[in-house]
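The values are calculated or read from the model by the stated rules, or taken from the named source; none is laboratory data. None of these values were measured; they are calculated from a predicted model. Positions of Cβ are backbone-derived with ideal geometry, glycine not excepted, and every protein chain shown enters the neighbour counts. Each accessible area value is taken on the protein alone, full model and side chains, heavy atoms only, with ligands, DNA and RNA left out. Shrake-Rupley method; radii C 1.70, N 1.55, O 1.52, S 1.80 Å.
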Amino acid sequence: MEPPGDGIRPPQSWSELLPELAGLILRLLLCHIDRLRFSSVCHLWRLAAQQHRPHLPPALPFVCLNYTAFLSLPTGESRRAAAAPPAEGISCRGCFDGWFLYEPHDLYSDIDKCSLTNPISGVTIEMPLHLGAKFIVCSPDLVAAGCSDSVAFYRPGDPSWSVSPSNNGSRDYYVDFAFYRGKIYALNTADELSVHEAGGGAAVEHAIMSQGPKMRTGGDLDKNKLRCHYLVVSCTGKLLMVKWSVPPYHRRRPTTNFDGITVEVFEADLEKGRWLEVTSLDDGEALFLGRGCSKAVRFNGEDERFRGNCVYVLGYDNFFGYCCDAMPSYGFYDLRSGRIGQVLHDGMRVAAWPVISMEWFFPLE
């Protein structure tokens with residue numbers, strides 16, 4: 001066979017994959033496991049994956065099931081979690097970003113330690129026991145733990161946590177936290193935003209004060225609605241608040257009717273101390289919301305199940321387990337149409353349904 005007229009020699013085997021073609025293939029692999037499989041084919045493919053990694057869109061998160069297994073998106077493939085409890089009497093009690101939290105079974109036992117472990121790399125951060133609702137690894141030498149009335153900070157090697165109490169009194173309590181611009185931002189039930197300096201020690205500042213009843217309820221004064229509030233940093237560096245509102249009947253009876261469920265997105269205008277409603281996300285951007293971790297991801301549009309301008313949520317988390325039949329295990333809210341849909345795994349006709357505990361898990365390299 002004569003070589004091509006342009007003088008370019010075609011690959012002689014599958015291992016000689018052209019770098020440009022490798023990049024195109026990797027951009028189509030949204031699952032972290034698929035990217036790992038690509039890298040493990042041979043040395044040349046591993047080098048190609050390393051070369052293109054900085055330019056790839058973020059991989060889809062896993063759904064962490066009961067802290068014992070990972071459900072991959074979009075394939076629905078289930079994998080057992082690799083990390084095991086570090087000692088007897090210790091169990092996994094939370095999933096935060098790409099970390100598992102290990103605490104004693106009995107919080108009143110003599111065990112006074114807890115730890116955060118990356119189940120993929122095995123990296124572990126040991127800490128004094130602290131009953132936080134949300135843990136954030138700000139950097140290798142700083143961990144933050146958010147509670148309803150405070151934010152605590154720990155630096156590896158310190159004898160104890162440094163606690164930064166809220167200045168809200170008993171009026172409202174914190175519902176979510178985000179690490180943003182080197183500080184911890186805390187959102188309370190009145191949609192007020194407080195700022196805690198990393199490491200604690202400084203006075204807590206109010207970034208956004210309450211904007212009245214309309215803001216507290218998104219314009220709807222129905223106090224019987226179940227509401228969930230989340231903080232998330234967008235792909236372009238904006239601090240966003242997302243509010244889900246669910247009519248009470250979704251908690252009382254099985255239904256697949258999503259009428260009355262609304263999602264509102266607001267951007268924090270820190271300069272003027274106010275929330276600005278957002279009707280559309282940036283191009284290709286989608287939000288994954290969860291109690292343990294919320295993140296923004298930019299999609300390339302190759303898979304219609306995962307697309308921009310949508311908010312993805314875990315059904316169990318969003319409805320606190322009260323209406324398992326009202327939402328699949330994970331679904332999305334389309335900000336353009338106001339439509340709620342379910343996400344189906346490859347080869348499946350029905351969606352997975354909630355289990356006892358579900359969290360988004362974003363693999364850390």
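Determine the alpha carbon to alpha carbon distance for each of K134/K295; K113/K134; K113/K238; K183/K295 and list only those over 25 Å.
Values: K134/K295 14 Å; K113/K134 17 Å; K113/K238 35 Å; K183/K295 17 Å.
Check vs 25 Å cut-off fails for K113/K238.
Return the sequence-ordered ³J(HN,Hα) values of region 337-344 in whole Hz as given by the Karplus equation 6.51 cos²θ - 1.76 cosθ + 1.60 applied to θ = phi - 60°, using x for Gly and Pro.
9, x, 8, 9, x, 9, 9, 9
When the solvent-accessible surface of protein heavy atoms is calculated with a 1.4 angstrom probe, in what order do R155, R291, R171 fall, highest first?
Working: R155 95, R291 60, R171 150 Å².
Order by accessible area, largest first: R171, R155, R291.
How far is it, in nm, from the label point at D149 to the one at S121 when both lie 7 Å from their Cα along the line to the Cβ?
My value for the distance between the label points is 3.6 nm.
Any chance you could run the full-extension gain for E304 through H105? It's 0.36 nm times the residue separation minus the Cα-Cα distance, nm to one decimal. Mind dumping the intermediate values first?
On the way: separation 199, 0.36 × 199 = 71.64 nm, distance 4.21 nm.
Answer, rounded to one decimal: 67.4 nm.
How much accessible surface area, in Å² rounded to 10, belongs to the heavy atoms of E302 with a 1.4 Å probe?
120 Å²
Name the residues whose placed amide hydrogens come within less than 5 Å of the amide hydrogen of D176, ignoring near sequence neighbours (fewer than 5 apart) on the same chain.
Amide H neighbours of D176: L187.
Heavy atoms of the protein only, probe of 1.4 Å, neighbouring chains included. What is the accessible area of W360 in Å², nearest 10?
0 Å²
With a 1.4 Å probe and all protein chains kept in place, how much accessible area does M209 have, in Å² rounded to the nearest 10?
M209 exposes around 100 Å² with every protein chain in place.
Distance from a point 7 Å along Cα→Cβ of A87 to each backbone N in region 120-158: keep the residues under 15 Å and list them by number.
In region 120-158, the label zone of A87 (backbone N under 15 Å from the point 7 Å along Cα→Cβ) covers 125-130.
Once the piece of chain linking T236 and D283 is laid out straight, how much longer is it, given 0.36 nm per residue of separation minus the C-alpha distance between them? Please list the in-between numbers first.
On the way: separation 47, 0.36 × 47 = 16.92 nm, distance 1.02 nm.
15.9 nm is the gain from fully extending T236 to D283.
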